[in-house]
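Visitor: Supplied in structure tokens, the structure appears directly below.
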Amino acid sequence: MRRLLTLLLAAAVLIAGCQAKPEPTPEPPAATEPEAGPAPQPQVDSPPAPTLPADPEPLPVIPPSVVVSPAQVQQGDFTVLELRHIPEGGLTIEVEGLGEQPRPFTLGDRQVAFIGFPAAAQVRSYPITVTWDGGSWEGSVAVLHKQFTEDRLVVTEEQTDLYYDPRQEADWAKVFKVRSTSEPRPLWRGPFQAPLADELRITTYFGEIRFVNGAETGRHSGMDFGAPTGTPILAPARGKVVLAEHLIVTGWTIIIDHGMNLYTTYYHCDRLDVSPGDWVEPGQTIGLVGNTGFSTGPHLHWTATIGNTPVDPWPLTLEAPLGVTPLVDRLPAHLEE
């Protein structure tokens, strides 16, 4: 038994000696100095990306507006065409049946045009067509009947020859030319004044049907005021003199441009106190009443025209055309003369 134990112990020792010894754990490598390099930079936070503003809301598109005021006029009166939010490019205005077409002018934030109808205009509706780049408008204005009186003159043979003198064609061509280019802004302020200071004595009304020695010759283009020779003639409103000379039929004549295609004219003067290019103020003496040209006695013939279309001048004294007083006051200083 003891021998058996001795043999088992010897076998156990032999088996333990045959076991593989564990691999030794490698030592970590010795630390080395890092290679020299650029010093690390401090970290800086990047600014946040800018926030783009939201797209603005598109402005509302304002539709074009065209208004005729008044929409009804009598023979010999004028109306106003007012246009808003319409591009100026390619703008045209056509009134069917009128020999002289309106001229538009820019006034503040709008464009306006006077439309004058002669005393002999047909009583009917006049179609109006406005066109501009990218659009058009159609409307109308009605001309109503006005009762005119008759003016019958009996004149001498010499006066008749003067009235029909063919040389006057050159005079009228000159008049039409100076009334074809107007100041592009209103020069007047408020209603017009009467052209004579004293009590007015009307001898012939605007639009009267005129007969000379029994023959009808047309309509009277203005108002006649009887007054003694030498009576001062007063400018009714601010304006620029565009003609001042002697003409065959109208004698010594003055034409004032008040801007926006509106003119006043003075016939048969005895003397002229202004020259072309002069600026005049309301109440300023521009000449003296006379009896020159085709005239049967001392008087002032006063005419208002839209371009070359005679219209009744008296309404100008009742209300400021275009309500222009506050508009003129807002004109830039460099536009004032």
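Visitor: Give the shape of region 160-238 as rounded, prolate or oblate, defined through the alpha-carbon gyration tensor: a ≥ b ≥ c are the square roots of its eigenvalues, a/c under 1.5 means rounded, and otherwise the shape is prolate if a/b is larger than b/c and oblate if not.
Guide: Working: a/c = 2.06, a/b = 1.22, b/c = 1.68.
Oblate, since a/c reaches 1.5 and b/c is not below a/b.
Visitor: I would also like to ask the following. If you bin every alpha carbon distance in region 72-188 into 5 Å steps from zero, what whole percent lands in each bin?
Guide: 2, 9, 15, 16, 15, 16, 11, 7, 5, 3, 1, 0
Visitor: Express the C-alpha Rg of region 268-318 as a ratio against the empirical globular expectation 2.2 N^0.38 Å, rounded to two decimals. Write out the running numbers ahead of the final one.
Guide: Numbers: Rg = 12.7 Å, N = 51, 2.2 N^0.38 = 9.8 Å.
Ratio of Rg to 2.2 N^0.38 Å for region 268-318: 1.29.
Visitor: Could you check how many percent of all C-alpha pairs in region 129-200 are farther apart than 18 Å? Let's see the in-between values first.
Guide: Numbers: 2004 of 2556 pairs.
Percent of Cα pairs beyond 18 Å in region 129-200: 78.
Visitor: Let me ask something additional. Mind ranking 322, 83 by accessible surface for me, highest first, 1.4 Å probe? Each step should come with its number before you reach the end.
Guide: On the way: 322 35, 83 0 Å².
These residues rank, largest area first, as 322, 83.
Visitor: Could I ask something else about it? Normalising by the residue count of region 100-245, find the relative contact order in percent from Cα pairs under 8 Å and 6+ residues apart.
Guide: It comes to 22 percent, rounded to a whole number.
Visitor: Kirkwood Rh and Cα-based Rg: tell me the resulting Rg over Rh for region 210-274, rounded to two decimals. Each step should come with its number before you reach the end.
Guide: Details: Rg = 13.5 Å, Rh = 13.4 Å.
Looking at region 210-274, the ratio lands at 1.00.
Visitor: Can I ask one more? Mind jotting down a quarter of the surface of the convex hull over the alpha carbons of region 218-337, in square nanometres, one decimal?
Guide: 7.6 nm²
Visitor: Okay, moving on. On average, how much accessible surface per residue is there in region 74-174, in Å², for a 1.4 Å probe, leaving out ligands, DNA and RNA? Display every interim value, and only then the final one.
Guide: Values: 5520 Å² over 101 residues.
Computed with neighbouring chains in place, this is 55 Å² per residue.
Visitor: Principal axis lengths of region 52-136 from Cα atoms, whole Å, largest first?
Guide: Answer, in whole Å and largest first: 67, 21, 20 Å.
The values are calculated or read from the model by the stated rules, or taken from the named source; none is laboratory data. No experiment lies behind these values; they were computed from the predicted model shown. For accessibility, only protein heavy atoms count, side chains too; no ligands or nucleic acids. Shrake-Rupley method; radii C 1.70, N 1.55, O 1.52, S 1.80 Å.
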